[in-house]
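These notes are about the structure you will find just below.
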Amino acid sequence: MYDVIGIGIGPFNLSLAALIKPTGLRCLFIDDKPSFAWHAGTAFPSARLQVSHLKDCVSLVDPTSEFSFLNFLLQNGRLNSFVNRRCGGVSLKEFGQYYAWVADQLPYLSFGQKALEVHPETSHFRITTSEAEYRAQHVVLGLGIRPYVPDCVGPLLGERVYHAADYLNRTRPAAGERVLLVGAGQSGSEVMEQLLAGPPLKQILWVTPHDNIEPMDDCAFTNEYYTPAYFRHFRAQALTRRREWVQVKRPSSDGVSLDLANRLFNKLYEGRFVERENDGVRLIVSACLEILRQNGTGFETTLKCTETAATRKVLVDRVILATGFAPNSPSFLDRIMQLACIEDGLPRIRADCSLESRIALPGKIYFQNRTRIQHGLQNPNLSLVAYRNATIVNSIMGKKFYTVDMDVSMLSRLAELKEER
């Protein structure tokens, strides 16, 4: 019998597992992966974390924790050299090493177990996995995401048709190849940078459904959206308002890093106009991949204009999909969702990330993700991971173990002003 079982071990539940360590709670975290991995297929040397390294598993609620990124640097003999660096940001590879270091120190993480069922009983939840059966008072779902692959591509996935998430696990494009890269978000832009730095290719068609590369808005005031104070303000709004805000403010979360966008523009400019060596490199905007067929040793692609519906057929040797990710949806999640109170088509999620249920449950079911509209753009982002998990810990314990909600926002509201007469 556990106080809490976490299903899925990505950065979100890893943060929760680290914050639980000093509480004395009996916990277990399971994942069907053989070991912890984070962005292993796209940890390019130039790929950088898009948030501060202080937004690690613990620091923003417990700066003295043994599981902080700074302690990782200290314990691995890097701290002084890290401080002396003069380049921007932390690489994805190094932050992945940090996460793996945290995971190695937590004895209650169990890999190679697939969760099959979460069933509420009278006094506890029964969790059935591929290896065992457990009981827990509370359950935390950190189910993560999977690469999104368009239907027309699925049957042809392989060594030369693959998602960008697997880029480093595939052979690199050879000189003279014709490559189609679909998607121009952060991952697509990072892959494009790799392609331009590799052997000379006959053709690179970089396709995006948008009408330009969309940079991420990363100014200091914009980042106030990713604070506990703004989360509380966002939660107080009507759901229709929250839905509108998430769409309008999407560039604050989902865009391409400005430095990377500028590097790519300069690289394309130099290649086309100065070196005159990459006439076959094109950024095709307002277009999507409509059809993909095998054609001898290569592939015939049909690209469709999103503005006019006009199409073009193009022959390529390799297709790389930077088409984003979709939520993992195991079958037991559907059964949990049947218990949920629904508002405007969405499950109602409390401020402590727990599900509002139509029936009495023996404990709480917490959601680490999937509440982007209910909780805002910070939900799938790393910015508030420590705050969210400290809130979950406090909720499980029924008391304030971690101090949260102490922050003061740089954004003030009219209601805060005293009226003068």
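The values are calculated or read from the model by the stated rules, or taken from the named source; none is laboratory data. Since we're looking at a predicted model, the values are computed, not measured. We place every Cβ from the backbone using ideal geometry, glycine too, and count neighbours over all the protein chains shown. Remember, those area values only see protein heavy atoms, side chains included, never the ligands or the DNA or RNA. Shrake-Rupley method; radii C 1.70, N 1.55, O 1.52, S 1.80 Å.
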(request) Among the numbered conditions (1) open to solvent by 30 Å² or more (accessible area, probe 1.4 Å); (2) touching a helix residue (DSSP H, G or I) at 6+ places or on another chain (Cβ under 7 Å); (3) part of a loop (DSSP other than H, G, I, E, B), tell me where Arg421 comes up short. (result) (2)
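Given the criterion of a type in the set (Val, Ile, Thr), in contact with a Pro (Cβ under 6 Å, 6 or more places away or on another chain) and over 29 Å from Ala238 (Cβ atoms), identify the matching residue among Thr323, Thr297, Thr302, Thr306. Don't jump to the end; show me each part of the working.
Working: Thr323 fails: in contact with a Pro (Cβ under 6 Å, 6 or more places away or on another chain); Thr297 fails: in contact with a Pro (Cβ under 6 Å, 6 or more places away or on another chain); Thr302 fails: in contact with a Pro (Cβ under 6 Å, 6 or more places away or on another chain).
Only one candidate passes the filter, namely Thr306.
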(request) Report yes if Asp254 is closer than 30 Å to Ile342 by Cβ, surrounded by 15 or more Cβ atoms within 10 Å (Cβ to Cβ) and modelled with pLDDT under 95, otherwise no. (result) yes
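Output the residues belonging to the stretch 135-161 that are out of contact with any Gly (no Cβ under 9 Å at 6 or more places or on another chain) and either farther than 20 Å from Asp31 by Cβ or open to solvent by less than 40 Å² (accessible area, probe 1.4 Å) (or both). Explain how you work it out, then say what you get.
Within the stretch 135-161, the subset out of contact with any Gly (no Cβ under 9 Å at 6 or more places or on another chain) is 135, 146, 149-159, 161.
Once the filter is applied, which keeps residues that are out of contact with any Gly (no Cβ under 9 Å at 6 or more places or on another chain) and either farther than 20 Å from Asp31 by Cβ or open to solvent by less than 40 Å² (accessible area, probe 1.4 Å) (or both), the stretch 135-161 yields Val149, Pro150, Asp151, Cys152, Val153, Gly154, Pro155, Leu156, Leu157, Gly158, Glu159, Val161.
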(request) Kindly indicate whether Arg388 is under 18 Å from Gly8 (Cα atoms), surrounded by 13 or more Cβ atoms within 10 Å (Cβ to Cβ) and modelled with pLDDT under 95. (result) no
(request) Would you check which residues across the stretch 338-356 are closer than 18 Å to Phe125 by Cβ and loosely packed, with under 13 Cβ neighbours inside 10 Å and list them? (result) Gln338
(request) Pull up the stretch 132-161, narrow it to residues that are in contact with a Ser or Thr (Cβ under 8 Å, 6 or more places away or on another chain) and in a loop (DSSP other than H, G, I, E, B), then point me to the one that is nearest to Arg318 (Cα to Cα). (result) Glu159
(request) Provide a single number: the residues in the stretch 239-251 that are open to solvent by less than 60 Å² (accessible area, probe 1.4 Å) and more than 18 Å from the chain's Cα centre (by Cα). (result) 3
(request) Report, by residue number, each residue of the stretch 284-310 that is touching a helix residue (DSSP H, G or I) at 6+ places or on another chain (Cβ under 7 Å) and open to solvent by 60 Å² or more (accessible area, probe 1.4 Å). (result) Gln294
(message) Within the stretch 363-370, does at least one residue satisfy the condition of being out of contact with any strand residue (DSSP E or B) (no Cβ under 8 Å at 6 or more places or on another chain) and surrounded by fewer than 20 Cβ atoms within 10 Å (Cβ to Cβ)?
(response) no
(request) Taking Tyr167 as the residue in question, decide whether it is open to solvent by less than 50 Å² (accessible area, probe 1.4 Å), of a type in the set (Phe, Trp, Tyr) and in a strand (DSSP E or B). (result) no
(request) Please work out which residue is surrounded by the most Cβ atoms within 10 Å (Cβ to Cβ), limiting yourself to the stretch 376-385 and to residues that are more than 17 Å from Asp56 (Cβ to Cβ) and touching a Phe, Trp or Tyr at 6+ places or on another chain (Cβ under 8 Å). (result) Gly376
(message) Could you go through the stretch 196-209 and let me know if any residue there is more than 19 Å from the chain's Cα centre (by Cα), at pLDDT below 95 and over 24 Å from Ala322 (Cα atoms).
(response) no
(request) State all residues of the stretch 31-67 that are open to solvent by less than 40 Å² (accessible area, probe 1.4 Å), more than 25 Å from Asn169 (Cα to Cα) and aliphatic (A, V, I, L, M); if no residue qualifies, say none. (result) Val51, Val58, Val61
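Ile349: free of Cβ contacts under 8 Å to residues at least 60 places away in the same chain and under 26 Å from the mean Cα position of the chain (by Cα), yes or no? I'd like the intermediate steps shown before the answer.
Values: free of Cβ contacts under 8 Å to residues at least 60 places away in the same chain: yes; under 26 Å from the mean Cα position of the chain (by Cα): yes.
Yes.
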(request) Considering only the stretch 1-116, give the helices (runs of 4 or more DSSP H) lying wholly within it that have at least 3 residues that are small (Gly, Ala, Ser). (result) 11-20, 92-104
(request) Identify all residues within the stretch 354-384 that are hydrophobic (A, V, I, L, M, F, W, C) and more than 14 Å from Arg232 (Cα to Cα); write none if there are none. (result) Leu355, Ile359, Ala360, Leu361, Ile365, Phe367, Leu382
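Anything in the stretch 322-337 that is within 30 Å of Ala184 (Cβ to Cβ), among the aliphatic types (A, V, I, L, M) and surrounded by 13 or more Cβ atoms within 10 Å (Cβ to Cβ)? List them, or say none. Before you say what the answer is, go through the steps one by one.
First pass over the stretch 322-337, keeping only residues within 30 Å of Ala184 (Cβ to Cβ): 322-329.
From what is left, the residues that are among the aliphatic types (A, V, I, L, M) are 322, 326.
Result: Ala322, single match.
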(message) Looking at the stretch 94-121, I want the residues that are in contact (Cβ under 8 Å) with a residue 24 or more places away in the chain and have a partner that is open to solvent by 30 Å² or more (accessible area, probe 1.4 Å) and aliphatic (A, V, I, L, M) with Cβ atoms under 6 Å, at least 6 apart or on another chain. Which pairs are those?
(response) Pro120/Leu361
(request) Tally the residues that are farther than 19 Å from Phe44 by Cα, open to solvent by less than 50 Å² (accessible area, probe 1.4 Å) and assigned to a loop (DSSP other than H, G, I, E, B), restricting the search to the stretch 174-217. (result) 6
(request) Go through the stretch 16-26 and give me each residue that's open to solvent by less than 10 Å² (accessible area, probe 1.4 Å) and either among the acidic types (Asp, Glu) or over 24 Å from Val83 (Cβ atoms) (or both). (result) Leu16, Ala17, Leu19, Ile20
